[in-house]
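A short write-up of the structure that comes next.
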Amino acid sequence: AYLYARDAHDGQFRATGDEYITHPVAVAHILALMRMDHQTLMAALMHDVIEDTGSTRETLAKRFDPTVAELVDGVSKLTNVFHSKARAQAENFQKMALAMARDIRVILVKMADRLHNMRTIHALGPDKRRRIARETLELYAPLANRLGMNNIRLEFEELGFKALHPMRSELIRKAVRGAKGNRSALLEQLRRSIAEALQAEGIEAQVIGREKHLYSIYRKMRAKHLQFSEVHDVYAFRIVVDSVATCYR
């Protein structure tokens, strides 16, 4: 699959100046880290060959396997839907995308494709960068959230926010860094205090304190018309227990 994609994309380059084949390889790598099966990885390596090189679904089915050909074809069709201007609100779009992809792996390849594109978005011009970032925040991040892909959703939001509002992103990043000095000790103190209180009650739990992500801080500031100094929950705690009953306790 790699050799086929490499030869098919021969002579094509990305906006970064890299040979095009580096992109499908990066997409396959993201999916390999998600422990996806060999058909998904093959489809990831060849996900652009139908759209960009004139290869056909029939050729892929004959040369590889009909399922892989169907996945690649599904990604191509989904790409056209994502690019369509006639998009309804995000909720309807999500339903349509999920219904259209008979195999959920098609969506996963598309997600990994967009994730790598977002990681290399700096190579694009300002207008294209803003359009892709807005699309990522409005469509891809909510879809990742709906599928329970939390790490990917967070990365979509952070990269999308940075590309769409670079100055705002940097200002909030600096403000968080400035507030960190006097808050990180407090964060650890609170974490320990919660852990000890749970232990005293005989509840086994994992207490994780974390910094809130820049995009979620920004959304709160915008929704409630707050200055950064008025956002008090810059940190959050997650308490993981072994059962629903313990959770209520």
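The values are calculated or read from the model by the stated rules, or taken from the named source; none is laboratory data. Computed from a prediction, not measured in an experiment: that's the story for all the values here. Don't worry about glycine lacking a Cβ; one is built from the backbone with ideal geometry, like all the others, and counts go over all protein chains shown. Remember, those area values only see protein heavy atoms, side chains included, never the ligands or the DNA or RNA. Shrake-Rupley method; radii C 1.70, N 1.55, O 1.52, S 1.80 Å.
Below are the figures for this structure:
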read-out	value
J(HN,Hα) series, the range 113-126, from Karplus relation 6.51 cos²θ - 1.76 cosθ + 1.60, nearest Hz, glycine and proline x	4, 5, 4, 5, 4, 5, 5, 10, 5, 4, 7, 8, x, x
Taking the chain and dividing mean pair separation by its residue count, relative contact order in percent (alpha carbons under 8 Å, at least six apart)	12
Nearest-ten-degree value, helix 214-224 long axis tilted from longest Cα axis of the chain	70
Percentage relative contact order, the range 176-249, counting C-alpha pairs under 8 Å, at least six apart	33
Subset of 174/224; 77/162; 128/162 violating a 24 Å alpha-carbon distance limit	77/162
Residue-level accessible surface for residue 41, protein heavy atoms, 1.4 Å, Å²	50
Accessible area in square angstrom per residue, the chain, 1.4 angstrom probe	57
Cβ-placed point charges (K, R +1; D, E -1), dipole of the chain about Cα centre in debye, nearest 20	1040
Acute angle (nearest 10 degrees) that the helix 166-200 long axis makes with the longest principal axis of the chain, alpha-carbon atoms	60
The chain: calculated mean residue ellipticity at 222 nm from DSSP helix runs of at least 4, using -39500 (n - 2.57)	-20500 deg cm²/dmol
Packing-based order for 127-135, 150-158, 240-248, using average beta carbon neighbours within 10 Å, highest first	150-158, 127-135, 240-248
Entry for percent of Cα pairs over 34 Å apart (calculated from the structure that is shown) out of (1) 28; (2) 31; (3) 13	(2)
For the range 1-67: rounded, prolate or oblate by the Cα gyration tensor [a/c cutoff 1.5]	oblate
Helix axis angle, 66-83 relative to the chain longest principal axis, alpha carbon, degrees	70
Inter-centroid distance (Cα atoms) of the range 136-170 relative to the range 200-249, Å	19
Accessible surface of the range 145-249, 1.4 Å probe, proportion on carbon and sulfur as whole %	52
